[in-house]
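Taking it in order: structure first as structure tokens, then the write-up.
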Amino acid sequence: MTADLLLGLQWGDEGKGKIVDVLTSKYDIIARFQGGPNAGHTLEFDGIKHVLRTIPSGIFHKTAMNIIGNGVVIDPVVFQKEIEGLAKFNMDIKSKLIISRKAHLILPTHRLLDAASEASKGKAKIGSTLKGIGPTYMDKTGRNGIRVGDIELEDFNERYRVLANKHEEMIKFYDVNIQYNLDEMEKEFFEAIEELKKIEFIDSEEYINQAQRAGKTILCEGAQGSLLDVDFGTYPYVTSSNTTAAGACTGLGIAPNKIKEVYGIFKAYVTRVGSGPFPTELFDEDGETMARVGNEYGSVTGRKRRCGWLDLVALKYAVQINGVTQLMMMKGDILSGFSTLKVCTQYNYKGKAISHFPYNIETENVTPIYKEFKGWQADLTGMTTYDEMPIELKEYIEFIENYIEVPIKIVSVGPDRKQTILK
Ligand code: GDP
Ligand code: IMO
Ligand code: MG
């Protein structure tokens, strides 16, 4: 069987967790392919809200198997907390979750290096979640990393020590004042490693390929968003992995010709947390309203998310890179009540109108060109069919579909599983 792929098209937090949960009943396997505990994927049902970090968003379903793929970086300490958080729901997690031996481990010193690197950058900081993501992927590509499979080796502790010692030297190089107690952090780390060992480690690429041959259905779950991709995002203000479709091939061992549907998720407006350019960012009352009504605070760091109008130039770019076949529009309900809505259809780039996403989108180079829409006033959160929706919203949706040339198949009107409208 082919696999389907779900990923974010903006700067993350589009609502991926919610939709993976909604779609899981159609799949045998849910597989995370990149990122790590920088992600916070929110699911809401039965009046309870869950935020998942490393564990795939299919975990609340009875039958689906959840895989943490080789492209993911795992912090055993965060992972242990996630498992503990799920304990009260009486699920048999061990029978529903497996981890690739080739996934890399985030060491306590990776987190310290992240903090040191950010502190040394001053105003130019990335705005990292400080979870050690960048340093861990650096060790991976630098061929110094420690993988989950290494936990099974006799010399795991020595390997750990060698790398942690090297990191301590590197922290000194940054010449910034980072306070830490490594002994305590290591105690917590090794305790968490014991918890991690309770989950089965597998050769996930083999498992996935066997499952495909056996006709099983697979949904690959992306983290972050396409504009945070290390190659195609707003570099250097990006994360350190390929968040785009190609990341599913390298992060799970799925061949490109085995991927069928690519579900692209976007918010009806745009948010960004952390530093970096954001052409349609709002600094006025409209932006404040989006942040307040949309409760735009990071699910991992609690930081306020920057908000702005929908940017179709950036969205089309992301759709193109990922080969998106179906779009899903999230948080349409948050735009209820605006008298006028704006959508960016072109950039004024160094004095010329352009329709593509250029190398440099800093504000000094790019000014958005907007098309205005009449807003809608109705509350969408209780609606259950597309027919009920206000005409102004339908016009907004149809304009996006025509511009992007890909259909919007799901319109989400609230955080709950049930607030999901098929179009
Ligand atoms: P993810 O990282 O892509 O999974 O997204 P996050 O969970 O970080 O952020 C999305 C936030 O929006 C969460 O708090 C969700 O509960 C919430 N959410 C998702 N879809 C909708 C929607 O259609 N309407 C509203 N109001 N909230 C939504
Ligand atoms: P989910 O999966 C939103 C952002 C950070 C920072 C940059 C680099 O929940 O959509 P990192 O910690 O990776 O070094 O941070 O990327 N970022 C996210 N923003 N959602 C996420 O994940 C993010 N993961 C990282 O804020 O700007
Ligand atoms: Mg999130």
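The values are calculated or read from the model by the stated rules, or taken from the named source; none is laboratory data. If you're wondering where the values come from, they're calculated on a predicted model, not measured in any experiment. In this analysis, Cβ positions are derived from the backbone assuming ideal geometry, glycine residues included, and neighbour counts consider all displayed protein chains. Surface areas here come from the heavy atoms of the whole protein model, side chains and all, with no ligands, DNA or RNA. Shrake-Rupley method; radii C 1.70, N 1.55, O 1.52, S 1.80 Å.
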TODO: Show the residue pairs that are 6+ apart or on different chains and have beta-carbon atoms under 7 Å apart, the first residue being within the range 12-35 and of a type in the set (S, T, N, Q) and away from ligand 2 (no atom under 14 Å from the Cβ), the second being open to solvent by 10 Å² or more (accessible area, probe 1.4 Å) and not in a helix (DSSP H, G or I).
DONE: Thr24/His61; Ser25/His61
Task: Of the criteria (1) crowded, with 16+ Cβ neighbours inside 10 Å; (2) closer than 20 Å to Val22 by Cα; (3) among the small types (Gly, Ala, Ser), which one Gly47 fails - done: (1)
Open item on the list: Return the pair list, or none, for Cβ contacts closer than 8 Å from residues in the range 285-305 that are of a type in the set (S, T, N, Q) to residues that are at pLDDT 95 or above and assigned to a loop (DSSP other than H, G, I, E, B), at least 6 apart or on different chains.
Closed with: Thr289/Gly337; Thr289/Phe338; Ser299/Asp13; Ser299/Gly40; Thr301/Thr129; Thr301/Leu130; Thr301/Val273
TODO: Please go through the range 235-258 and pick out each residue that is in a loop (DSSP other than H, G, I, E, B) and surrounded by fewer than 19 Cβ atoms within 10 Å (Cβ to Cβ).
DONE: Tyr235, Pro236, Ala255
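I'm checking my understanding of the structure. Among residues of the range 398-423 that are hydroxyl-bearing (Ser, Thr, Tyr) and within 21 Å of the chain's Cα centre (by Cα), which one is nearest to Val319 (Cα to Cα)? Break it down stepwise before answering.
Going through the range 398-423, the residues hydroxyl-bearing (Ser, Thr, Tyr) turn out to be 403, 412, 420.
In the following step, the residues that additionally are within 21 Å of the chain's Cα centre (by Cα) were identified as 412, 420.
Working: Ser412: 19, Thr420: 22 Å.
Out of the qualifying residues, it is Ser412.
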Open item on the list: Return the residues of the range 389-412 that are in a loop (DSSP other than H, G, I, E, B) and open to solvent by less than 90 Å² (accessible area, probe 1.4 Å); say none if nothing qualifies.
Closed with: Met389, Pro390, Val406, Pro407
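So, in the range 36-49, exactly how many residues are part of a strand (DSSP E or B) and either touching a residue at least 40 places away in the same chain (Cβ under 8 Å) or within 14 Å of ligand 3 (Cβ to nearest atom) (or both)? Break it down into steps so the answer makes sense when it comes.
Taking the range 36-49 as the starting set, the residues that turn out to be part of a strand (DSSP E or B) are 41-45, 48-49.
Add one more test, that the residue is either touching a residue at least 40 places away in the same chain (Cβ under 8 Å) or within 14 Å of ligand 3 (Cβ to nearest atom) (or both), and what stays is 41-45, 49.
Count: 6.
Out of curiosity, is Ala314 within 16 Å of the chain's Cα centre (by Cα) and closer than 22 Å to Ile397 by Cβ? Write out each step before concluding.
Values: within 16 Å of the chain's Cα centre (by Cα): no; closer than 22 Å to Ile397 by Cβ: yes.
Here the answer is no, as Ala314 does not meet what is asked.
Take the residues in the range 282-335 that are in a loop (DSSP other than H, G, I, E, B) and within 13 Å of ligand 2 (Cβ to nearest atom); name whichever of them is surrounded by the most Cβ atoms within 10 Å (Cβ to Cβ). Lay out the reasoning, then the answer.
Step one: filter the range 282-335 for residues in a loop (DSSP other than H, G, I, E, B), giving 282-284, 294-296, 298-303, 305, 309, 323-325, 331.
Among the residues that remain, those that are also within 13 Å of ligand 2 (Cβ to nearest atom) are: 296, 298-303, 305.
On the way: Glu296: 22, Gly298: 16, Ser299: 18, Val300: 19, Thr301: 16, Gly302: 9, Arg303: 13, Arg305: 20.
Taking the candidates together, the pick is Glu296.
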TODO: Scan the range 11-23 for residues that are surrounded by 24 or more Cβ atoms within 10 Å (Cβ to Cβ) and more than 9 Å from ligand 3 (Cβ to nearest atom) and jot them down.
DONE: Trp11, Lys18, Ile19, Val20, Asp21
- [ ] Might you let me know whether the range 60-68 holds any residue that is open to solvent by 10 Å² or more (accessible area, probe 1.4 Å), of a type in the set (Gly, Ala, Ser), more than 13 Å from ligand 1 (Cβ to nearest atom) and without any contact (Cβ under 8 Å) to a residue 60 or more places away in the chain?
- [x] no
Open item on the list: Being away from ligand 1 (no atom under 12 Å from the Cβ) and β-branched (Val, Ile, Thr) is the filter here; which residues of the range 273-332 pass it?
Closed with: Thr280, Thr289, Val313, Val319, Ile321, Val324, Thr325
Open item on the list: Criterion first (open to solvent by 60 Å² or more (accessible area, probe 1.4 Å), in the same structural domain as Asp284 (by the TED database) and closer than 15 Å to Tyr269 by Cβ) does Tyr370 satisfy it?
Closed with: yes
TODO: Inspect all residues belonging to the range 202-212 and state whether any of them is outside the structural domain of Thr136 (by the TED database), in contact with an Asp or Glu (Cβ under 8 Å, 6 or more places away or on another chain) and within 16 Å of ligand 3 (Cβ to nearest atom).
DONE: no
Task: Test: Arg53 is within 16 Å of ligand 2 (Cβ to nearest atom) and open to solvent by 10 Å² or more (accessible area, probe 1.4 Å) - done: yes
Task: Single residue of the range 272-281 satisfying the filter (modelled with pLDDT of 95 or more and within 12 Å of ligand 2 (Cβ to nearest atom)) that is surrounded by the most Cβ atoms within 10 Å (Cβ to Cβ) - done: Arg272
Task: Filter result for Gln377 (more than 16 Å from ligand 3 (Cβ to nearest atom), open to solvent by 50 Å² or more (accessible area, probe 1.4 Å), at negative phi and outside any strand (DSSP E or B)) - done: yes
